[in-house]
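Only one structure is covered here, and it is reproduced in the block below.
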Amino acid sequence: MRIGIAGAGSIACGTAALLHRNKHIPTLWSPSGASTAVFETTPLQAHGVIETEFSPNLANSAQELAEGCDALIIALPATGHKSVMDELAPHIRDGQHVIISSHASFGAVYLTQALAARGINAPVTAWGTTIVSGRRQEKNKVRVNTIRNRVDLCTVPEAGSDDGLALCQILFGDRFMPRDGLLAIMLSNLNPQNHLGIALCNITRMERGEDWSQGLNVTPKVGRLLEQLDLERLAIARALSLNVKTIFEHFHQSFHVPIGTISEMNQQMHTHGYGGLGPATADSRYVTEDVPYGLQVTVVLGRLVDRPATLHEAGIRLFSAMYDREFAHENEFLHALELENYGLCDLQHASRTGVLH
């Protein structure tokens, strides 16, 4: 299949490499054009759990990407999701499937409503995390650390669920776990809570630009913080009668390590060589993306179900103080959809239909 990927960073390039390995044809589109320029003359080289070299197709615009591909994957930081959706929405065809890797906030609702305004019915599948983890190293090289064994997903509207699951299996194999609507997907994304603890406890390493092992530095007390953050998320999910994985299941399924304490599991990941490197800059998605588009959504849902996420909220306030900005106000989807005007029942309806009433 011809698969268009909006984005050209670590996840987009790693996903393209996996698609190529699986005999599909990926096309990359960088909204700025800067990240794909190297591939005009140099092949993409993937290393790690995927070893391949190929020249991806390139699109020069959102229109070219949408018109030239069978399905689309949005694979770039959440801070760029709304602007990319705005560019893609006028060109998406009726029935053309869109995958969000990984889903942030209420992005699938925003895109579905933008398409509905054109009279377009295109299913949108939201992933709870990315299919790969890795880092783009040199200009044309990406290191793929992991191909995830389990990825949570749902499709809006619900009528497209079977097609969404089937498409993902065709592209990436039998590694997907259907979840009950977008609220479950949002609460299945553990990156924001985990990155909160990791970044907060290692912020000086990030500011100094150090090379440091993330897995090694999830020490016992950092691991305990991640476990406590997880309890807040799970309490919100239970209040919504949603089934989501625990942090222990996440690390076990994604990184193939035996279940223990979160610190022990991360030490195992480090020992096996896929604990990953921590951010080498304070201007990291661990903060600038995950705080407004991950932590803030958990806090909002916690308030709606009377399960306050006090540690999550404290993290938002601490990072806002450190960065001298109001992260709680930086989620573009919350503003564009005017979610403060809707109640829990409205959000539950939208999480299955993609439409707010």
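Inclusion of T112 among residues that are buried (at least 24 other Cβ atoms within 10 Å of the Cβ), in contact with a helix residue (DSSP H, G or I) (Cβ under 9 Å, 6 or more places away or on another chain), assigned to a helix (DSSP H, G or I) and in contact (Cβ under 8 Å) with a residue 40 or more places away in the chain is warranted. So, of the residues in the stretch 128-143 that are crowded, with 24+ Cβ neighbours inside 10 Å and not in a loop (DSSP other than H, G, I, E, B), which turns out to be nearest to the chain's Cα centre (by Cα)? If we take residues in the stretch 128-143 being crowded, with 24+ Cβ neighbours inside 10 Å and not in a loop (DSSP other than H, G, I, E, B), then V132 is nearest to the chain's Cα centre (by Cα). Given the criteria touching a residue at least 60 places away in the same chain (Cβ under 8 Å) and either surrounded by 14 or more Cβ atoms within 10 Å (Cβ to Cβ) or farther than 21 Å from R224 by Cα (or both), does F251 qualify? The answer is no for F251. Hey, does the stretch 83-97 have a residue that's touching a Ser or Thr at 6+ places or on another chain (Cβ under 6 Å), within 30 Å of L301 (Cβ to Cβ), at pLDDT 95 or above and not in a helix (DSSP H, G or I)? Within the stretch 83-97, none of the residues are touching a Ser or Thr at 6+ places or on another chain (Cβ under 6 Å), within 30 Å of L301 (Cβ to Cβ), at pLDDT 95 or above and not in a helix (DSSP H, G or I).
Across the stretch 143-164, what is the total count of residues that are in contact with a helix residue (DSSP H, G or I) (Cβ under 8 Å, 6 or more places away or on another chain), more than 24 Å from H252 (Cα to Cα) and either free of Cβ contacts under 8 Å to residues at least 24 places away in the same chain or hydrophobic (A, V, I, L, M, F, W, C) (or both)? The number of residues fulfilling the criteria is 1. Within the stretch 13-33, the set of residues being touching a residue at least 12 places away in the same chain (Cβ under 8 Å) and charged (D, E, K, R) comprises R21 only. T298 falls short of the stated requirement of being in contact with a helix residue (DSSP H, G or I) (Cβ under 6 Å, 6 or more places away or on another chain), touching a residue at least 40 places away in the same chain (Cβ under 8 Å) and open to solvent by 50 Å² or more (accessible area, probe 1.4 Å).
The values are calculated or read from the model by the stated rules, or taken from the named source; none is laboratory data. Please read these numbers as outputs of a predicted model, since none were measured by experiment. Positions of Cβ are backbone-derived with ideal geometry, glycine not excepted, and every protein chain shown enters the neighbour counts. Each accessible area value is taken on the protein alone, full model and side chains, heavy atoms only, with ligands, DNA and RNA left out. Shrake-Rupley method; radii C 1.70, N 1.55, O 1.52, S 1.80 Å.
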